[in-house]
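The values are calculated or read from the model by the stated rules, or taken from the named source; none is laboratory data. Everything quoted here is computed from the prediction, not taken from an experiment. Glycine also receives a Cβ, built like all others from the backbone with ideal geometry; neighbour counts cover every protein chain displayed. SASA here: full protein model, heavy atoms, side chains in, ligands and nucleic acids out. Shrake-Rupley method; radii C 1.70, N 1.55, O 1.52, S 1.80 Å.
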Amino acid sequence: MGVVFGLLWLFTGYLHGARGQGVYAPPTVRIVHSGQTCTVEEERYSERVYTIREGETLELQCLVTGHPRPQIRWSKTAGAASDSTPSNETLRIQNINRHQGGRYYCKADNGLGSPAIRSIRVDVYYLDQPVIMVHQSVGEMKEQFYFERTVFLRCVAQSNPPVLYTWRRGRELLSQGSDTGVEIYEPFFTQGETKILKLKNLRPQDYANYTCISSVRNVCSIRDRSAHFSLSNRTAPPAIKLLLDDPVVVNPGETVVLVCVASAGDPAPTLSWSRLGGEELPKRSVVKGGTLTIPAVTMDDGGAYSCMASNNVGNPAKKSTTVLVRGLRRGRFWITPDPYHNDDNIQIGREVKISCQVEATPPEELHFGWLKNGRPLKSSERMVITHTDTEATPGTTNLDIIDLKFTDFGTYTCVASLRNGGTPEISIDVNISSTTVPPELSVPRGRSHLIVQEGDTVDLQCLVSGKPKPIILWARLEESGVAAAPPPPMPDGGETTESSDGILRINNVTREMSGTYRCFTSQYNGFNVKPREAQIVLAVQFPPTVEPVRTEIRQALGRAFSLSCRLLHAHPARLLRYEWKLGSRLLTVGQFSEQRDDTSYQVRALNREGYGEYTCDITNEAGAGRCSFLVTGKAYPPEFYYDTRGALWQNRPLVYGFRLQWTQMEPNAVDRILAYRLGIRQMSQSRWWEQEIAMEGTIQKGELLTYNLTELVQPESYLVRLTPITRYGEGDWTERVVSYSAPVNSHLREFQCGFQDESLCLFTQDKTDDFDWTRHSAASRDTKYTANTGPSVDRTGSKQGFYVYIETSRPRLEGDRARLLSPTFPPAAAGATYCFSFFYHMYGKHIGALNVFLRQKSQPPEDDAVWSLAGNQGDRWRQAKVNIQPNSSFQMVMEGVRGGGIEGDIAIDDVTIEEGQCKDPLPNNPPSLAPPASPHICQLSVMLSLALIGWLR
């Protein structure tokens, strides 16, 4: 944008004095489709249905009206599921799949009234490759010496819409009744998804090649698919066998090879391996045919593996085997005092049992041994060694010492190993002596009630005595102290937490972790006696939670207002203090009473020093919560009005105008808006042009403000910024992009086109006609000039003036049509009439016809003939006028039809549209003798530009 253009723009923009009321409007929504589609049914059971082929691109547009401009949100509901999608006007899903079908909703909300919601159902069409499955039945007929063999061929294909199946045997089309040995039917339970071909009592001709053709009848251009199966007397279901032992027992680190082979089946079955429960195969595993190889096996790789064979005949064959990886895990022990006495102590002369438990794979290879003071111990009458059934419970061994003597004190060792080796053994030492005592549990003094602050690290400790010391378990209780069912989760998410030293450490403690914790003894690694327990209460202090955390308040000078800060949560919730400040200046302090949970600060009359950030800090022992209020006199941002066309008609070449309309958000909240700063720049440039638009009087809420931008260069787009200005200063600005589009003339009385600019006043050539109209000036004859036809001057009598005409020289043929389309004009008021007029020149012995149509917006567009004339009208310009009454957006169509020869040029000039009835509607009036428009408009603009430059200098 040059200096001259910028100055012209600053001087040619103007503010309309008329201001409209009531432009605030709740949203409306309409969904339209674009991109690829199959069909769109506008109504089916009161909903729109949009169908698309799988793999194509779904593109839906949400067209909204309403002011302020509504926010848009797309969502999808399929069954009970709801998915949110991006918030913009266009919903685009590339490579759509069948699971993305469903009902899509567009919701628009601008805070006025209820949100507007519209929906459209998207059906995704697809057709999968069909699969033929064969089932055979052999039944012995009573009192007969033969077998009847029946074969069922079942064709299955997933599709939308439902699929249609066709069967062929070789080249022969099979249908119900065409062959007595063939039946074709759909089982009731499949609801049309499968088609079964039944071959009764197989005959030699039934051994043939069969084809199943699935079709959705070319819906969405989806082609038919087919599957083939060759039926022979060898056709048989699959059978498999595993070339391995079951189970497969290996040591960690070894390589496991599982081999599965097909022992029967025609056609040859395909083999696959899987794990029980759908679990994935180990990542290191390799599958080749029926062989599964697992290198460097670990204990996690153990479990059941299945081999399945399928050839679509009968049911798939499946066999499983178990892989056992040798290993020992979790060695534990416990001591049980004499069960026949209530005393938990170990005493001479009574019975003591030592139990040892180990998890082993495979469990049947588990072997236990006992040592006393390092020497092997054998079972005897006083020392009885027993082993539990490994199939019933995890491997456990017991040593019963009957009638304990002083000489029985010592170290007893339980040794667990696997008979075939492959893994290290586990040894567990248990000391039995006069110092062996049952556990006691307590909480250190002063540690039964802990108070910490949120975010700290806290240790909960239970002291355990006894020999040996057992594992300590931790759990949480309900606030009442009764065990929860289920209890609140521990910090690690489980129901209980183990601790070998009796300490439960909680890092970064939160307020949700407050409550009562219970520590208790476990039988593991200690005495199998009644559990000992203790409780610790944890109180987590946290700073006050307040609202609002941060808010903005816009106020005019001299007004009173109140600020309020509300307490939501705090611990401790007593002895709370509040402190109000403006910036660093203390305003007031106080203390909360038990009856109140908020505090307020009043400003009686706002002055300039009262603008700024107000804070309210509510404090307790753990810290402070802060409410923050930014009090400002800044005006709210303007709200651009999008619901009407902004393009302006300018009867000048290469420029366009734009009607900028807006309302002011909450104009009465702050001081009166004195002016707007308007900034504009081309999108391709960085330089801004600015101008102030003065405002007179007070702007009312919902009042529509208008400013016309002129002298915008085609086809550039512009970024427009609008900033309100008050006594306080600049407010919040709003930006929008103004893009060039074919402008419409909202005041049709102003439309006039003499075809003087190359843009043809935004008339366009119809792409569906046979040839185009030509813009021409009589001052420059071209090689196609034909004598005895066409005008020698334009409508005003000037040879320099332009007009448009149809050139009927070769290669044009009789009947060829040229159509010129006017710009699109907005809907007229109900019952409004316009006068459409133009000048025409139809001279030559081969003149065809000139037709005028009114094209109104519809699907598809409708052309109504409003004027027509044919034949030679003489060598002069004539004027035609016709009344039109459009009831929607419309265009005028000028159609020239070539006659029987080359002397048939037809020209038109000075097209106008005026409000009201035509004063003389007759189509063939003498041309007007009014003087032509001044040819000096462009010169005047240049002179004005030069004058402005001189003034700046």
* **Out of GLY916, GLY844, sole residue that is in contact with a Gly (Cβ under 9 Å, 6 or more places away or on another chain), touching a residue at least 12 places away in the same chain (Cβ under 8 Å) and at positive phi** => GLY844
* Structure fact -> Restricting the range 24-63 to residues that are open to solvent by 30 Å² or more (accessible area, probe 1.4 Å) and of a type in the set (Phe, Trp, Tyr), the one modelled with the lowest pLDDT turns out to be TYR45
* Condition broken by LEU709, with the remaining ones in (1) open to solvent by 20 Å² or more (accessible area, probe 1.4 Å); (2) over 30 Å from GLY583 (Cβ atoms); (3) under 42 Å from the mean Cα position of the chain (by Cα) satisfied -> (1)
* Structure fact -> Those residues of the range 337-377 that are open to solvent by less than 30 Å² (accessible area, probe 1.4 Å), touching a helix residue (DSSP H, G or I) at 6+ places or on another chain (Cβ under 9 Å) and part of a loop (DSSP other than H, G, I, E, B) come to a total of 0
* Asked: open to solvent by 20 Å² or more (accessible area, probe 1.4 Å), among the polar types (S, T, N, Q) and not in a strand (DSSP E or B): does that describe GLN523?
  -> yes
* What residue, of PHE640, PHE658, PHE629, PHE592, is buried (at least 18 other Cβ atoms within 10 Å of the Cβ), of a type in the set (Phe, Trp, Tyr), touching a residue at least 24 places away in the same chain (Cβ under 8 Å) and touching a Cys at 6+ places or on another chain (Cβ under 9 Å)? -> PHE629
* Looking only at the range 464-485, decide whether some residue is of a type in the set (S, T, N, Q) and touching a helix residue (DSSP H, G or I) at 6+ places or on another chain (Cβ under 9 Å). => no
* Inspect all residues belonging to the range 563-571 and state whether any of them is free of Cβ contacts under 8 Å to residues at least 60 places away in the same chain and in contact with a helix residue (DSSP H, G or I) (Cβ under 9 Å, 6 or more places away or on another chain). => yes
* Structure fact -> THR545 fails exactly one of (1) modelled with pLDDT of 90 or more; (2) among the polar types (S, T, N, Q); (3) surrounded by fewer than 19 Cβ atoms within 10 Å (Cβ to Cβ); (4) more than 30 Å from LYS634 (Cα to Cα), namely (4)
* Starting from the range 297-309, take each residue that is among the aromatic types (Phe, Trp, Tyr) and list its partners that are open to solvent by 30 Å² or more (accessible area, probe 1.4 Å), counting only C-beta distances under 8 angstrom and pairs at least six apart or across chains. => TYR305/SER274; TYR305/LEU276; TYR305/SER320; TYR305/THR322
* Asked: Can you tell me which of ARG681, ARG645, ARG652 is open to solvent by 10 Å² or more (accessible area, probe 1.4 Å) and modelled with pLDDT of 95 or more?
  -> ARG681
* Among residues of the range 367-416, those that are polar (S, T, N, Q) and in contact with a Phe, Trp or Tyr (Cβ under 8 Å, 6 or more places away or on another chain), counted -> 2
* Asked: Assuming LEU197 fulfils every condition listed in (1) more than 40 Å from the chain's Cα centre (by Cα); (2) open to solvent by 40 Å² or more (accessible area, probe 1.4 Å); (3) at pLDDT 90 or above; (4) not small (Gly, Ala, Ser) apart from one, which condition is it?
  -> (2)
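Which residues, counting only those in the range 859-885, are outside any strand (DSSP E or B) and within 17 Å of SER822 (Cβ to Cβ)? Before you say what the answer is, go through the steps one by one.
Narrowing the range 859-885 to residues outside any strand (DSSP E or B): 859-861, 871-877, 885.
Answer for the range 859-885, where residues must be outside any strand (DSSP E or B) and within 17 Å of SER822 (Cβ to Cβ): PRO861, GLN885.
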* Structure fact -> Checked the range 695-706 for anything open to solvent by less than 40 Å² (accessible area, probe 1.4 Å), among the hydroxyl-bearing types (Ser, Thr, Tyr) and under 12 Å from PRO667 (Cα atoms); matches are none
* Does VAL261 satisfy the criteria of being open to solvent by 20 Å² or more (accessible area, probe 1.4 Å), in a strand (DSSP E or B) and farther than 30 Å from VAL156 by Cα? -> no
* Asked: Looking at (1) open to solvent by 60 Å² or more (accessible area, probe 1.4 Å); (2) without any contact (Cβ under 8 Å) to a residue 60 or more places away in the chain, which is the only condition LYS319 fails?
  -> (2)
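Looking at the range 575-589 only, could you name the residues that are part of a loop (DSSP other than H, G, I, E, B) and without any contact (Cβ under 8 Å) to a residue 24 or more places away in the chain?
The initial filter retains those residues of the range 575-589 that are part of a loop (DSSP other than H, G, I, E, B), namely 575-576, 583-584.
The one that is part of a loop (DSSP other than H, G, I, E, B) and without any contact (Cβ under 8 Å) to a residue 24 or more places away in the chain: SER584.
Table: residues versus (1) at pLDDT below 90; (2) of a type outside the set (Gly, Ala, Ser); (3) under 23 Å from SER499 (Cα atoms).
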residue	(1), (2), (3)
THR407	no, yes, no
THR423	yes, yes, no
HIS449	no, yes, yes
GLY466	yes, no, yes
* Asked: Would a scan of the range 551-558 turn up a residue that is closer than 30 Å to ASN398 by Cβ and under 48 Å from the mean Cα position of the chain (by Cα)?
  -> no
* Residues located in the range 495-511, provided they are of a type outside the set (A, V, I, L, M, F, W, C) and either more than 13 Å from ARG476 (Cβ to Cβ) or free of Cβ contacts under 8 Å to residues at least 24 places away in the same chain (or both) -> GLU495, THR496, GLU498, SER499, SER500, ASP501, GLY502, ARG505, ASN507, ASN508, THR510, ARG511
* Asked: When the residues of the range 273-299 are filtered to those that are of a type in the set (S, T, N, Q), more than 36 Å from the chain's Cα centre (by Cα) and within 12 Å of LEU258 (Cβ to Cβ), which remaining residue is surrounded by the fewest Cβ atoms within 10 Å (Cβ to Cβ)?
  -> THR293
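Please specify each residue of the range 883-901 satisfying the condition of being surrounded by fewer than 19 Cβ atoms within 10 Å (Cβ to Cβ) and not polar (S, T, N, Q).
Filtering the range 883-901 down to residues surrounded by fewer than 19 Cβ atoms within 10 Å (Cβ to Cβ) leaves 883, 885, 887-889, 900-901.
Result: GLY900, GLY901.
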* Asked: Could you count how many residues in the range 231-248 are open to solvent by 50 Å² or more (accessible area, probe 1.4 Å) and either under 26 Å from ASP300 (Cα atoms) or basic (Lys, Arg) (or both)?
  -> 6
* Those residues of the range 756-800 which are modelled with pLDDT of 85 or more, of a type in the set (Gly, Ala, Ser), buried (at least 16 other Cβ atoms within 10 Å of the Cβ) and in a loop (DSSP other than H, G, I, E, B), in sequence order -> GLY790
